[in-house]
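Contents: one structure, followed by commentary.
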Amino acid sequence: MKEWVDISLSPRFKGEEFYLTEFITTKGKMLEDIVKKYEGMSEKEKVWELFKFVVENIKYPLRNAPQVALLFVDTHVLFRHPLKPKLSFVLFDFWKFPYETLRDGLGDCEDTSFLLCSLLRIAKVKAWAVLGRVIIDNVPYGHAWVEYYSSEYGSVILETTFESLDGFDSLEEYVEYERYVRDMYKPEIKFNESEVIVIKESIIKELEKRFSNRR
């Protein structure tokens, strides 16, 4: 059964704690200015342009790291693309806030999902950042993505780790593709700036264990 919860995390430094909801930011000039560029568009157009903005402007970190970095890789960021997986090398991974991802121009699956979700929420769109698993060749990998709810399409997975959206001319074309791969995605928890919805209970213990080591 889905329920609302608060989960407190210590993602960076000893004594520093945040709630999941704090990683979705709906205020701040940097983010608001991006959304303003698409004022006057329909919701579909706005979602598509913000989706493209994140994919095209935020690069995956350390893509060209040497193979020795595999010794230190965080397994939750192995996923890059539903049809063409690529390894990501993140030696000291922590969650970034959206304005940090925007500033750096770099971010992994969580970072880019938090950024896109924040932009969509500023645009008054129904959206959540989702943490869960993606199944590739029967192997589950930890992953993050954005769920957008459309009155026309229902729930839509927005995959922020694409290298490009050049293969799609519109949100409609993307949704056709998304329907073929959505069964690979297994959500466990989703949240935005105002709510946290637990889909799979074990994710809570996993998050607490992951971040308790940094306290």
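Tabulated data for the structure shown
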item: 3J(HN,Hα) from dihedral phi, the range 114-125, Karplus parametrisation 6.51/-1.76/1.60, rounded to Hz, x for glycine, proline; result: 5, 5, 5, 4, 4, 4, 5, 5, 4, 7, 6, 9
item: Under the Karplus curve 6.51 cos²θ - 1.76 cosθ + 1.60, θ = phi - 60°, whole-Hz ³J(HN,Hα) for the range 132-149, x wherever Gly or Pro sits; result: x, 10, 10, 9, 10, 6, 6, 10, x, 10, x, 7, 9, 7, 10, 9, 10, 9
item: Packing-based order for 116-124, 135-143, using average beta carbon neighbours within 10 Å, highest first; result: 116-124, 135-143
item: Across Lys124/Lys200; Lys46/Lys186; Lys37/Lys124; Lys27/Lys59; Lys44/Lys186; Lys59/Lys186, pairs whose alpha-carbon gap is larger than 20 Å; result: Lys124/Lys200; Lys46/Lys186; Lys27/Lys59; Lys44/Lys186; Lys59/Lys186
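Every number here is computed from the coordinates shown, using simple stated rules; none is lab data. In this text, all values refer to a predicted model and were calculated from it rather than measured experimentally. Reconstructed Cβ throughout: ideal geometry from the backbone, glycine too, with neighbour counts over all protein chains shown.
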